[in-house]
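Structure first, then comments.
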Amino acid sequence: MEGTFYDLIHVVTIFLLGNYLSLHLDLHGFLVFAGAFAKLWYPWGELSIFKSIYVSTDIGHRVMSPSGAARPF
């Protein structure tokens, strides 16, 4: 569940950055947008890769882990 909330925060932030860019259609506005977008996208991508590699979501792992029954799929 925390991953969904984290993704939603990123979506809203990118939406607000898009609004900023639509109001500042010059080189400086683009550079601000690109810098802020890169600073937001990189940690989101790193977390997504980490979760896809190291976090197990299969049924067997959830049943065997102590907190598996309490966590939603």
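The values are calculated or read from the model by the stated rules, or taken from the named source; none is laboratory data. In this text the structure is predicted, and so the values were computed from the model without any measurement. Please note: Cβ atoms are built from the backbone with ideal geometry, for glycine as well, and neighbour counts cover all protein chains shown. What goes into the accessible areas is simple: the full protein's heavy atoms, side chains included, and nothing from ligands, DNA or RNA. Shrake-Rupley method; radii C 1.70, N 1.55, O 1.52, S 1.80 Å.
Across region 26-49, the number of residues qualifying as open to solvent by 80 Å² or more (accessible area, probe 1.4 Å) and more than 17 Å from Val12 (Cα to Cα) comes to 7.
Listed by position, the helices (runs of 4 or more DSSP H) contained in the chain that have at least 3 residues being modelled with pLDDT under 90 and under 11 Å from the mean Cα position of the chain (by Cα) are 2-23, 27-54.
Would you be able to say whether some residue in region 24-35 is of a type outside the set (Asp, Glu) and in contact with a Ser or Thr (Cβ under 7 Å, 6 or more places away or on another chain)? Checking region 24-35: not a single residue is of a type outside the set (Asp, Glu) and in contact with a Ser or Thr (Cβ under 7 Å, 6 or more places away or on another chain).
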